[in-house]
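*Asks:* Before I ask anything, here is the structure I am working with.
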Amino acid sequence: MRRHPVILGLLILVVLGFGLYLLFYAFGGTGKGRVFSQPNKVGVVTVEGIVTDASDVVRQIEEMGEDGAVKAVVVRINSPGGGVAPAEEIFGALKELRKKKKVVASMGSIAASGAYLIACASDRIVANPGSVTGSLSAIMHFANAEALLKKIGLQATVVKSGRFKDIGTPVREMTPEERELLQGVVDDIYDHLLDIVSAERKIKKEELRKIADGRIFTGRQAKSLGLVDELGDQGAAVRLAGKLGGIEGKPEVVYPRGKKRRLREILMQTALSALWEQWRGQEGAFSGPFYLYLPPSGGG
């Protein structure tokens, strides 16, 4: 090696670089591999936009649960809700996390309907005074384009094996029997929502039913009704989570490692955002059951 000082120097640089990488991996971000990480951290998981898929948020929640350095977790919510199943999957993942660590929900501009359901999985709920929340209800949307098809001279033909197989089709008006069937589905989903909120917030179901009719509340109103525990911003939620997690002093805030996003996922999110903006002015863009608050369209 004395005859090859350049090679020796390169080897030293490689060893030093690898060592720095290990240190960076140990101290940065979250994950169960951070063996040298200081155990005084509060993790933050974000739920934003219409909830249509739970997989990425659930992955982040599980990552926080596996990180020994994270003593408590804040779930930051800025969402009007979304699909019933993905909202309940995130709720379930947070409930599992609560078996290991303290969880605090932090409401941003909006945390309504299914997003409020997600917040109920936490130990404490913190909302801004002006946060929009509530909208405790279930909804399904269907469009009827029968008149439009007749106007342009189109006629649809359906071949089916069961009388309810094309329920909700846009090519004809819904029958009273079909409407009754779908109403039963929505009512059952709504009743399940009430069961969860009643159990988590310790509010009698019949009392909850009086305010769970789709109406919205500010953070201050929600606190007076027992739907929210404290008023404050995300910083207040982090401090509360640190206190509940037994952290002395100011907790360090960490976020899940970023997931590499494919071009298809980026395009899909862009398309969903565009649909959301269109949906605000035209209900019925999607079918299926939702825990979702639809704010009125228009400026202001």
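The values are calculated or read from the model by the stated rules, or taken from the named source; none is laboratory data. Quantities reported herein were computed from a predicted structural model and do not represent experimental measurements. We place every Cβ from the backbone using ideal geometry, glycine too, and count neighbours over all the protein chains shown.
*Asks:* Among (1) closer than 16 Å to Ile118 by Cα; (2) outside any helix (DSSP H, G or I), which single condition is Ile189 missing?
*Replies:* Ile189 satisfies every listed condition except (2).
*Asks:* Here is a list of conditions, (1) of a type outside the set (Lys, Arg); (2) without any contact (Cβ under 8 Å) to a residue 60 or more places away in the chain; (3) in contact with a Ser or Thr (Cβ under 9 Å, 6 or more places away or on another chain), and Phe142 meets all of them except one; can you say which number that is?
*Replies:* (2)
*Asks:* Which residue, of Ile203, Ile211, is closer than 17 Å to Tyr291 by Cβ and touching a Leu at 6+ places or on another chain (Cβ under 9 Å)?
*Replies:* Working: Ile203 fails: closer than 17 Å to Tyr291 by Cβ.
Just a single option satisfies the conditions, and that option is Ile211.
*Asks:* Additional query: Please work out if Ala121 is within 21 Å of Tyr190 (Cα to Cα), among the small types (Gly, Ala, Ser) and part of a loop (DSSP other than H, G, I, E, B). Give the derivation first.
*Replies:* Details: within 21 Å of Tyr190 (Cα to Cα): yes; among the small types (Gly, Ala, Ser): yes; part of a loop (DSSP other than H, G, I, E, B): yes.
The answer is yes for Ala121.
*Asks:* Exactly one of (1) in contact with a helix residue (DSSP H, G or I) (Cβ under 6 Å, 6 or more places away or on another chain); (2) assigned to a helix (DSSP H, G or I) is unmet by Arg172. Its number?
*Replies:* Failing condition for Arg172: (2).
*Asks:* Can you tell me how many residues in the stretch 178-215 are closer than 23 Å to Ala85 by Cβ and either of a type in the set (A, V, I, L, M) or touching a Lys or Arg at 6+ places or on another chain (Cβ under 8 Å) (or both)?
*Replies:* The qualifying residues number 14.
Condition check ((1) modelled with pLDDT under 95; (2) among the polar types (S, T, N, Q); (3) under 28 Å from Glu180 (Cβ atoms); (4) touching a Pro at 6+ places or on another chain (Cβ under 6 Å)) across all residues:
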site	(1), (2), (3), (4)
Lys99	no, no, no, no
Val103	no, no, no, no
Gly108	no, no, no, no
Cys120	no, no, no, no
Asp123	no, no, no, no
Val126	no, no, no, no
Ala145	yes, no, yes, yes
Gln155	yes, yes, yes, no
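*Asks:* I'd like the full set of residues that are surrounded by 10 or more Cβ atoms within 10 Å (Cβ to Cβ) and not in a loop (DSSP other than H, G, I, E, B), limited to the stretch 143-152.
*Replies:* Applying the first criterion (surrounded by 10 or more Cβ atoms within 10 Å (Cβ to Cβ)) to the stretch 143-152 yields 143-146, 148-150.
Result: Glu146, Leu148, Leu149, Lys150.
*Asks:* Mind telling me which of the residues Gly68, Gly134 ends up being small (Gly, Ala, Ser) and at pLDDT below 95? Steps first, please.
*Replies:* On the way: Gly134 fails: at pLDDT below 95.
Only one candidate qualifies: Gly68.
*Asks:* Which of (1) among the hydroxyl-bearing types (Ser, Thr, Tyr); (2) free of Cβ contacts under 8 Å to residues at least 24 places away in the same chain; (3) crowded, with 18+ Cβ neighbours inside 10 Å is the odd one out, the single condition Ser224 does not satisfy?
*Replies:* Every condition holds for Ser224 apart from (3).
Rundown of residues vs (1) touching a helix residue (DSSP H, G or I) at 6+ places or on another chain (Cβ under 9 Å); (2) buried (at least 18 other Cβ atoms within 10 Å of the Cβ); (3) among the β-branched types (Val, Ile, Thr), yes/no style:
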{"position": "Val103", "(1), (2), (3)": "yes, yes, yes"}
{"position": "Gly108", "(1), (2), (3)": "yes, yes, no"}
{"position": "Ser131", "(1), (2), (3)": "yes, yes, no"}
{"position": "Gly134", "(1), (2), (3)": "yes, yes, no"}
{"position": "Leu154", "(1), (2), (3)": "yes, no, no"}
{"position": "Lys160", "(1), (2), (3)": "no, no, no"}
{"position": "Gly168", "(1), (2), (3)": "yes, no, no"}
{"position": "Asp187", "(1), (2), (3)": "no, no, no"}
{"position": "Ser198", "(1), (2), (3)": "yes, yes, no"}
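Conditions (1) assigned to a helix (DSSP H, G or I); (2) at pLDDT 95 or above; (3) touching a helix residue (DSSP H, G or I) at 6+ places or on another chain (Cβ under 9 Å), marked per residue:
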| site | (1), (2), (3) |
| --- | --- |
| Leu13 | yes, no, no |
| Leu20 | yes, no, no |
| Leu23 | yes, no, no |
| Arg34 | no, no, yes |
| Met64 | yes, yes, yes |
| Val74 | no, yes, yes |
| Ala87 | yes, yes, yes |
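*Asks:* Hey, another quick one. For the stretch 45-62, which residues satisfy the criterion of being part of a helix (DSSP H, G or I) and hydroxyl-bearing (Ser, Thr, Tyr)?
*Replies:* Ser55
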